[in-house]
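What follows is a short report on a single structure.
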Amino acid sequence: MICFSSIYLKSMEFTTAEPFLHKGLLQSFELTKYILKTNVYPREPSPLKELREVTAKHPGNFMSTTPDSGQLMGMLLKLINAKKTIEIGVYTGYSLLLTALSIPHDAMGIELIRNIKLPTDSSMIIAIDPNKETYEIGLPIIQKAGVEHKINFIESQALPVLDKLLQNQKDNEGSFDFAFVDADKENYLNYHERLLKLVKVGGLIVFDNTLWGGTVAQPEEAVSEDRKESRRSIIEFNNSVSIDQRIEIALTPSGDGLTICRRIR
């Protein structure tokens, strides 16, 4: 049993400079701090903490997966004993590193572009993002954590890669245990349809930002112009998956909203 002393907890400092530390969906700084202080930070692996701190210095830090959402994802990965996963949208790699630390250690990398047939007996992550520059911010920490061999990073838009995987139906359809999507909201439904073919029955697909800062429940005229288009896409996505009989769903108010889809057919 791990015990965390009150001295350790009291020593934690919080500032609003941390990109995820805001009222958010909970509408309370204090409640957010309480969750992080008592449940998340004491159990956050040191490589994730280091990457979080490095990411906080980047101007796009708001795009990173929040630590509380990461904690939930880590538990989901372990509950289903995930070995093969897909990640769409990587940024600096907080959720990617989390996944690599959570899946078994028998991973064997492959060269996906040259050979689209995937191994069936080892752990691996396909990570897709058009921006390799931000991925390389976190890469030294991933390497130091000893999990780079589990990751196959592809610098590309996601849809062409998913379509290429689906061309090899025999080997790739239903072969993945878990998928995480934190990318362009306008393509969430396109990603959903393809991932439902790639993820096995009983596997999970998790979509981030599905409450979009709470704007999904606000009248459109109250939403800033820069958020309206993605808000419409998220609302369309939420409405669609809510009636999709191929999945079971749970929308959690963790981070900016996580929709967990379990494929059942």
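General remarks:
- Matching helices (runs of 4 or more DSSP H) fully within the stretch 128-231 where at least 3 residues are open to solvent by less than 70 Å² (accessible area, probe 1.4 Å): 132-144, 158-167, 188-198
- Figure legend. Inter-residue proximity from the stretch 172-198: first residues among the small types (Gly, Ala, Ser), second residues in a helix (DSSP H, G or I), beta-carbon distance below 8 Å, spacing 6+ or different chains. Indicated pairs: Gly174/Lys197; Gly174/Leu198; Ser175/Leu198; Ala179/Leu195; Ala179/Leu198; Ala183/Ala158; Ala183/Tyr191.
- Of the residues Thr92, Thr120, the single one that is at pLDDT 55 or above and assigned to a loop (DSSP other than H, G, I, E, B) is Thr92.
- Some residue of the stretch 138-150 being in contact with a strand residue (DSSP E or B) (Cβ under 8 Å, 6 or more places away or on another chain) and closer than 22 Å to Asn190 by Cβ: no
- Per the conditions (1) part of a helix (DSSP H, G or I); (2) open to solvent by 50 Å² or more (accessible area, probe 1.4 Å), the sole criterion not satisfied by Arg262 is (1).
- When residues in the stretch 34-66 are screened for being assigned to a helix (DSSP H, G or I) and more than 15 Å from Leu96 (Cβ to Cβ), 15 of them pass.
The values are calculated or read from the model by the stated rules, or taken from the named source; none is laboratory data. All values derive from a computational prediction rather than experimental measurement. Backbone-built Cβ (ideal geometry, glycine too); neighbour counts: all protein chains shown. Each accessible area value is taken on the protein alone, full model and side chains, heavy atoms only, with ligands, DNA and RNA left out. Shrake-Rupley method; radii C 1.70, N 1.55, O 1.52, S 1.80 Å.
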